[in-house]
1. If each residue of separation counts as 0.36 nm, what is the full-extension length gain between Arg77 and Ala115 once their alpha-carbon separation is subtracted?
2. Obtain the nm distance between the two label points defined at Ser147 and Met69 by a simple spin-label model: each point lies 7 Å from its Cα along the Cα-to-C-beta direction.
3. With θ set to phi - 60°, apply the Karplus curve 6.51 cos²θ - 1.76 cosθ + 1.60 along the range 146-162 and write out the HN-Hα couplings as whole Hz, x wherever there is a Gly or Pro.
4. With labels modelled as points extended 7 Å from the Cα through the Cβ direction, what inter-label distance (nm, one decimal) is found for Ala23 paired with Asp47?
5. Report the dimensions of the range 84-131 along its three principal axes from the alpha-carbon atoms, largest first, rounded to Å.
6. Taking the Cβ of each residue in Arg37, Arg19 as the centre, tally the other Cβ atoms inside 10 Å and list the residues starting with the fewest.
7. If contacts are Cα pairs under 8 angstrom and at least 6 residues apart, what is the relative contact order of the range 105-154 in percent?
8. Could you list Phe119, Phe66 so that the one with the fewest beta carbons within 10 Å of its beta carbon is first and the one with the most is last?
Amino acid sequence: MAFSFTADERQEIDRIRARYPDAMSATIPLLHLAQRRARWISTEVVDEVARTLELPRVHVADVVSFYTMFQRQPVGRHLISVCRTLSCHVLGGREIIDYLRQRLGLGDAHSGTDARGLFTLEQVECLAACGTAPVLLVNGIYHENMSLEKVKSLLDSLENGSAPATPVMEEPATEAAALEGGQ
């Protein structure tokens, strides 16, 4: 199925192009714009971004293949990114990953989408929140200080559509948040 930017997206592209007069510099923002709607970067999306920016297709494809933030396969309704680096691993991240693979029916797969297309699990390198490990992102929203019980509750909420748009933090994620009265 062909992908093309909508009229509203074209207005956003004009704003992006004004900020990034060099077309190559606008590649990442346009890919983010496309992925927000398409949920992943297909070859059709690559073609449309290249056409829109009047860039060689290979440039856009190279950007997509270099950055892990761009999904190159279809993802489920909820994208779960779990940190697998040292702080998260030591503080329970491994158990969280194992639980998610089991609950989503992924077996020993490193990543994948459940049979219903509801959840996609990916293991990622550092999410830059080591002080509040273990950490995972769900649809781009940080969930910190996670435990198996919290993960189970979060997935249950997502399945029945009652998960909050933003997580409730039990303690400030950063010193700056603590100084500003973060909860």
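1. In short, 12.5 nm is gained.
2. 3.3 nm
3. 7, 10, 4, 4, 5, 5, 4, 5, 4, 5, 4, 5, 5, 5, 9, x, 10
4. 1.7 nm
5. Extents along the principal axes, in whole Å: 34, 17, 13.
6. Numbers: Arg37 12, Arg19 9.
Ranking Arg37, Arg19 by Cβ neighbours within 10 Å, fewest first, gives Arg19, Arg37.
7. On the way: 41 pairs, mean separation 9.5, N = 50.
19 percent.
8. Details: Phe119 24, Phe66 9.
Ascending number of Cβ neighbours within 10 Å: Phe66, Phe119.
Read the figures in this text as sums done on the coordinates, not as results from a lab. Everything numeric here is computed off the predicted structure, so don't read it as measured data. For neighbour counting, all protein chains shown are included, and Cβ atoms are generated from backbone atoms with ideal geometry for every residue, glycine included.
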